[in-house]
Amino acid sequence: MSEERQRLAALHRTRSSRVRGWAVCACWALFVTRAGAAPVRNVILFVGDGMGLGQIEAARCYAGETLFFESFPFRSLIDTAAAGGWITDSAASGTALATGYKVNNGVVSLAIPGDEQELETVLEYFQGWGKASGLVTTSYLTDATPAVFGAHAAYRFDSEMIAWQYLNRTRPEVLMGGEAAGLSLAVAESAGYHVVTDRLSLVAAQTGTVARLCGLFGAGYLPYEYDGLGERPSLAEMTACALSVLSRDPDGFFLMVEGGLIDIACHGNDLARCVAGTLAFDRAVETCAAWAHGRDDTLILVVADHETGGLSVVRDAGPGLLPEVSWSTTGHTAAPIALFGWGANAEWVEGASDNTHVAGLMRRRVPLPGEAVSITRTSVDRLQAVWAALSGTVYRIEQSAALRPAAWQTREIVTAVTSRVTLEHVVGTEPSCGFFRMVPMAP
């Protein structure tokens with residue numbers, strides 16, 4: 001067993017000791033668990049950098065229809081201020097999304113103000129449960145938004161430090177974006193990543209069996225899709241490849257996808273590239289939703305880190321034409337931004353009012369290994385119980401006729417192949433009566 005798997009198994013045993021009271025009652029189709037939220041296996045966060053309400057409206061006007069992510073069933077407006085109430089930059093707002101804490105502008109997931117300790121990011125949290133992780137952006141890979149999920153730094157432009165942490169500490173299974181200081185093709189390859197540099201090699205990786213993938217599509221920012229991508233992939237194509245690689249992990253995954261060039265266009269009050277960037281971002285969300293269609297274990301969130309430019313639509317000129325707009329600044333604003341949600345636990349989006357709430361939405365109800373996830377009737381005489389698990393772990397399924405007093409006896413030994421273990425019950429037979437629980441066995 002690898003060092004990482006040993007660490008996860010130890011963590012699993014520690015956490016499982018707190019949940020062994022959770023049991024399934026097969027006779028009555030009842031399972032005991034924490035109420036209020038559904039178990040989540042995969043979490044995908046889309047961040048439109050600088051994408052405020054005006055940017056969404058302008059793209060909608062040009063498209064002649066609502067954007068795909070606007071069809072998500074749950075939404076809210078959230079505030080984005082940095083620590084101290086200042087208008088945020090991408091590092092502070094990204095840290096709030098990734099950790100749930102307010103920090104000073106320029107800070108990457110450290111408690112500043114505060115004790116300057118590292119703040120656990122949602123990427124690190126999900127890695128702690130054995131899940132794969134990925135960061136995809138149209139900016140350079142060490143830019144503030146991806147950095148806050150995979151690194152910790154007092155200064156957002158410390159590119160070499162951020163890159164070192166990607167490759168040596170957090171090591172996401174997928175990294176895609178532009179090259180940056182400390183993150184070149186040679187460095188990524190030496191860290192054990194399979195590196196791709198164009199659309200063709202990306203597609204090949206998508207259909208292969210790559211374990212760790214790093215897409216480096218030129219130095220710095222990727223081109224605007226508005227200007228043509230040449231041999232580089234679109235954000236939707238990068239998203240599709242990331243999903244293909246990450247979904248191979250039987251325990252699920254966390255993925256952050258950033259449309260980073262919306263912000264750059266808005267800093268220049270460039271409406272054409274702002275609209276094109278927002279529509280490209282929307283296509284990436286649609287690609288992800290198509291992948292997740294029919295799943296009940298996946299949460300997709302769409303949010304911005306802040307608004308850029310103070311953009312307002314004055315007049316809709318019709319489909320295919322840029323609307324008449326006004327800009328109030330070339331910088332960031334304090335305008336609230338929209339949060340959209342689809343899938344498992346997405347209803348909790350409607351209770352969010354600040355960017356610090358988003359991390360909590362993503363963390364909510366990741367099922368603990370050994371916890372009953374569901375129990376359903378599959379036929380007239382059969383019930384199916386599903387348990388959360390850590391793949392590769394050996395579990396003992398125990399049975400007791402009653403809970404008070406409980407007299408647990410081993411029914412069977414199973415090895416989890418994925419993050420779920422399924423147990424079939426024949427209703428009314430002696431082996432199916434009573435209560436069941438699943439506990440990890442010592443290695």
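Throughout, read-outs are computed from the coordinates displayed, never taken from laboratory work. Computed from a predicted structure; not experimentally measured. Methodologically, a virtual Cβ is constructed for each residue, glycine included, from the backbone with ideal geometry; neighbour enumeration extends over all protein chains shown.
Is at least one residue of region 102-119 surrounded by 24 or more Cβ atoms within 10 Å (Cβ to Cβ), part of a helix (DSSP H, G or I) and hydrophobic (A, V, I, L, M, F, W, C)? No, region 102-119 contains no residue that is surrounded by 24 or more Cβ atoms within 10 Å (Cβ to Cβ), part of a helix (DSSP H, G or I) and hydrophobic (A, V, I, L, M, F, W, C). Selection of region 35-94 for residues being in a helix (DSSP H, G or I), out of contact with any helix residue (DSSP H, G or I) (no Cβ under 6 Å at 6 or more places or on another chain) and not polar (S, T, N, Q) yields LEU53, GLY54, ILE56, GLU57, ARG60, CYS61, ALA63, GLU70, ALA83, GLY84, GLY85, ALA92. Pairing residues of region 283-296 that are small (Gly, Ala, Ser) with residues that are part of a helix (DSSP H, G or I), at Cβ distances under 8 Å and at least 6 apart in sequence or on separate chains, gives ALA284/LEU235; ALA284/ALA236; ALA284/MET238; ALA284/THR239; ALA289/PHE68. Need pairs with beta-carbon distance below 8 Å; first residue of a type in the set (Ser, Thr, Tyr) and within region 183-197, second assigned to a helix (DSSP H, G or I); sequence gap 6+ or separate chains. Here the result reads TYR193/LEU167; THR197/LEU185, each pair linking region 183-197 to a residue that is assigned to a helix (DSSP H, G or I). Among the residues making up region 147-163, a single one is over 15 Å from GLY178 (Cβ atoms) and of a type in the set (Val, Ile, Thr): VAL148. Taking the criterion of being among the basic types (Lys, Arg) and under 24 Å from the mean Cα position of the chain (by Cα), the only residue of region 46-85 that qualifies is ARG75. Condition test on GLU347, is it acidic (Asp, Glu) and surrounded by fewer than 20 Cβ atoms within 10 Å (Cβ to Cβ)? It is true that GLU347 is acidic (Asp, Glu) and surrounded by fewer than 20 Cβ atoms within 10 Å (Cβ to Cβ).
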